[in-house]
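The values are calculated or read from the model by the stated rules, or taken from the named source; none is laboratory data. Here the structure is a predicted model, which means the values were calculated and not measured. Ideal geometry is used to build each Cβ from the backbone, glycine not excepted, and the neighbour counts take in all protein chains shown. These accessible areas exclude ligands, DNA and RNA; they are computed on the full protein's heavy atoms, side chains included. Shrake-Rupley method; radii C 1.70, N 1.55, O 1.52, S 1.80 Å.
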Amino acid sequence: MIPPILPGAAIGVLGSGQLGRMFAIAARRMGYRVHTLSPDQDTPTGQIADVEVVAAYDDLQAVENFARHVSVVTFEFENVPAPTAQAAARYAPVRPDGEVLHTTQQRIREKRFLAHAGLPITPYREIRSPADLKQALTELGYPAVLKTADFGYDGKGQFKIDSPEQIPDAWTAVRREESVLEAFIDLQCEISVVAARGAGGQFVHFGAIENQHSRHILDISIAPARVPPEISSRAVEMARAVLDELGVVGVLCVEFFVTRGGKLLINELAPRPHNSGHLTVDACVTSQFEQQLRAVCGLPLGSTAMHRPAAMANLLGDIWSAGEPNWVAACAFPDVKLHLYGKLEPRPGRKMGHLTALNHDPDEAYRTVEKARRSLERT
Ligand SMILES: Nc1ncnc2c1ncn2[C@@H]1O[C@H](COP(=O)(O)OP(=O)(O)O)[C@@H](O)[C@H]1O
Ligand SMILES: [Mg+2]
């Protein structure tokens, strides 16, 4: 066993968004120092970190220098290029390792991995030309979703195809690059399992969390998910298989589709804390961010027990359209917690913060969080 990285040490975070911010809060609370690297300045993570390095991810000299000053490197942004992870790994352990990043940052590699592991996935075809697309559509039928293989998030780089006339538009939407075509699934609901795996293989999970999307962006999460217990437990077992198979040291989230027929299909993987796990900060003994910290530092993982069920609502930049939201109104809900990420510019669709409501009844938590979010709107 390698010795654990103890409080007082510096942790490096590649990426500087809200995931890094909440990680940094957890790390600083436990007495660690945090360094962050990204191309931006005055970032959500940088505002909390001890050191904010501003450099491009492909500035390998800067990345090496960054890694020299920390005991371990982790990431909050899974599109960190592979050479960046390799450069960091010359000076500090990278956790989860570059191999995990490599597999999960590209949809084709990810789907091949899942298929090879015998895990259920959405029917799909690999697409490299309009001819591939035409052929795949005759096989999978309509509607179907075309997704770029690289750099997709929050529904970016996706196009739903309802008829053959849309083939040219769809191909343009994915920038004529390598893509996957997926059958469009008739969904009962979507769930996710956020789990952590320690350096010695210890596995913990937060159970199934239910997710509702709006415009392909996560809108609301509810925990525990309102699905039959056998669906939750099957999802957890699949997540365990994914983390073990990949040898993850850190946190990984598995997103699932639950079909109308009650079947579970893995949609995608995120090798880091996940938006659906934000409610663990207020609802659980150990948050997803503290689990990431413990895992990458080689510490024992904490309890994932829930104090109370919870619901989380994202706050997108759209809420600012009529001026500064009414924070006082949201704070008037005694069981609702406000999280803001310190982002300076509230653009539409941009994740600016979230609210978490706690209640012994998940349905009630859901209703309260929606009410609290509506109370923010200026009329
Ligand atoms: N094949 C599909 N069938 C039905 N809905 C889908 C499909 N693919 C994506 N979606 C919807 O779009 C959302 C975002 O897609 P996802 O592949 O998870 O991309 P992202 O990387 O942007 O999160 C999903 O959570 C789901 O609501
Ligand atoms: Mg997704």
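Scanning the range 368-379 for residues that are part of a loop (DSSP other than H, G, I, E, B) and open to solvent by 30 Å² or more (accessible area, probe 1.4 Å) returns Glu377, Arg378, Thr379. Scanning the range 343-354 for residues that are hydrophobic (A, V, I, L, M, F, W, C) and open to solvent by 30 Å² or more (accessible area, probe 1.4 Å) gives a single hit, Leu344. The lone criterion from (1) more than 14 Å from ligand 2 (Cβ to nearest atom); (2) within 19 Å of Lys111 (Cβ to Cβ); (3) part of a strand (DSSP E or B) left unmet by Glu139 is number (3).
Have a look at Ala365, Ala357, Ala313, Ala329 and point out the one that is surrounded by 17 or more Cβ atoms within 10 Å (Cβ to Cβ), in a helix (DSSP H, G or I) and at negative phi.
Numbers: Ala357 fails: in a helix (DSSP H, G or I); Ala313 fails: in a helix (DSSP H, G or I); Ala329 fails: surrounded by 17 or more Cβ atoms within 10 Å (Cβ to Cβ).
Testing whether each residue is surrounded by 17 or more Cβ atoms within 10 Å (Cβ to Cβ), in a helix (DSSP H, G or I) and at negative phi leaves just Ala365.
Do we have Gly198 as away from ligand 1 (no atom under 16 Å from the Cβ), in contact with a Ser or Thr (Cβ under 9 Å, 6 or more places away or on another chain) and modelled with pLDDT of 95 or more here? Even if it seems obvious, please write down each step before you answer.
Numbers: away from ligand 1 (no atom under 16 Å from the Cβ): yes; in contact with a Ser or Thr (Cβ under 9 Å, 6 or more places away or on another chain): no; modelled with pLDDT of 95 or more: yes.
No; evaluated as a whole, the condition is false for this residue.
Filtering the range 95-122 down to residues that are open to solvent by less than 60 Å² (accessible area, probe 1.4 Å) and assigned to a loop (DSSP other than H, G, I, E, B), which residue is nearest to Val70 (Cα to Cα)? Ranking the qualifying residues of the range 95-122, first place goes to Arg95.
When residues in the range 207-224 are screened for being away from ligand 2 (no atom under 16 Å from the Cβ) and over 14 Å from Asn314 (Cβ atoms), 3 of them pass.
Here is a yes/no grid of residues against (1) out of contact with any Asp or Glu (no Cβ under 7 Å at 6 or more places or on another chain); (2) open to solvent by 10 Å² or more (accessible area, probe 1.4 Å); (3) touching a residue at least 40 places away in the same chain (Cβ under 8 Å); (4) within 16 Å of ligand 1 (Cβ to nearest atom):
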site: Ala241; (1), (2), (3), (4): yes, yes, yes, no
site: Leu252; (1), (2), (3), (4): yes, no, yes, yes
site: Thr259; (1), (2), (3), (4): no, yes, yes, yes
site: Glu268; (1), (2), (3), (4): no, yes, yes, yes
site: Pro271; (1), (2), (3), (4): no, no, yes, yes
site: Asn275; (1), (2), (3), (4): yes, yes, yes, yes
site: Val281; (1), (2), (3), (4): yes, yes, yes, no
site: Gln291; (1), (2), (3), (4): yes, no, yes, no
site: Leu299; (1), (2), (3), (4): yes, yes, yes, no
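Within the range 41-63, residues that are open to solvent by less than 40 Å² (accessible area, probe 1.4 Å) sit with their Cβ atoms under 8 Å from residues that are among the charged types (D, E, K, R) and not in a helix (DSSP H, G or I), at 6+ positions apart or across chains, in these pairs: Thr43/Glu52; Pro44/Lys343; Thr45/Glu52; Thr45/Glu76; Gly46/Asp40; Gly46/Glu52. Of all the criteria given as (1) in a strand (DSSP E or B); (2) touching a Gly at 6+ places or on another chain (Cβ under 8 Å); (3) charged (D, E, K, R); (4) away from ligand 1 (no atom under 12 Å from the Cβ), the one not satisfied by Lys147 is (4).
Is there a residue being aromatic (Phe, Trp, Tyr) and either in contact with a Lys or Arg (Cβ under 8 Å, 6 or more places away or on another chain) or free of Cβ contacts under 8 Å to residues at least 40 places away in the same chain (or both) anywhere in the range 104-116? Break it down stepwise before answering.
First pass over the range 104-116, keeping only residues aromatic (Phe, Trp, Tyr): 113.
Filter once more, keeping what is either in contact with a Lys or Arg (Cβ under 8 Å, 6 or more places away or on another chain) or free of Cβ contacts under 8 Å to residues at least 40 places away in the same chain (or both): none.
No, the range 104-116 contains no residue that is aromatic (Phe, Trp, Tyr) and either in contact with a Lys or Arg (Cβ under 8 Å, 6 or more places away or on another chain) or free of Cβ contacts under 8 Å to residues at least 40 places away in the same chain (or both).
Residue-level check: of (1) under 18 Å from the mean Cα position of the chain (by Cα); (2) over 29 Å from Glu182 (Cβ atoms); (3) open to solvent by 50 Å² or more (accessible area, probe 1.4 Å), Leu338 misses just (1). Checking each residue in the range 155-195 for being within 11 Å of ligand 1 (Cβ to nearest atom) and touching a His at 6+ places or on another chain (Cβ under 9 Å) picks out Gly155, Lys156, Gln158, Glu190, Ser192. Restricting to the range 142-166, count the residues that are more than 14 Å from ligand 2 (Cβ to nearest atom) and open to solvent by 20 Å² or more (accessible area, probe 1.4 Å). Number satisfying all stated conditions: 10. All of Ile220, Ile191, Ile185 fail the test of being modelled with pLDDT of 95 or more, closer than 20 Å to Gly261 by Cα, open to solvent by less than 10 Å² (accessible area, probe 1.4 Å) and not hydroxyl-bearing (Ser, Thr, Tyr), apart from Ile191. Val204 meets each of the listed conditions (1) farther than 26 Å from Val236 by Cβ; (2) more than 16 Å from ligand 2 (Cβ to nearest atom); (3) among the β-branched types (Val, Ile, Thr) apart from (1). Going by the structure shown, is Ala225 crowded, with 20+ Cβ neighbours inside 10 Å and either touching a His at 6+ places or on another chain (Cβ under 7 Å) or aliphatic (A, V, I, L, M) (or both)? Here the answer is yes, as Ala225 does meet what is asked.
Quickly run through the range 74-92 and pick out the residues that are outside any strand (DSSP E or B) and either open to solvent by less than 30 Å² (accessible area, probe 1.4 Å) or without any contact (Cβ under 8 Å) to a residue 24 or more places away in the chain (or both). Spell out how you get there, then give the answer.
Of the residues in the range 74-92, the ones outside any strand (DSSP E or B) are 76-92.
Those that are outside any strand (DSSP E or B) and either open to solvent by less than 30 Å² (accessible area, probe 1.4 Å) or without any contact (Cβ under 8 Å) to a residue 24 or more places away in the chain (or both): Glu76, Asn79, Val80, Ala82, Thr84, Ala85, Gln86, Ala87, Ala88, Ala89, Ala92.
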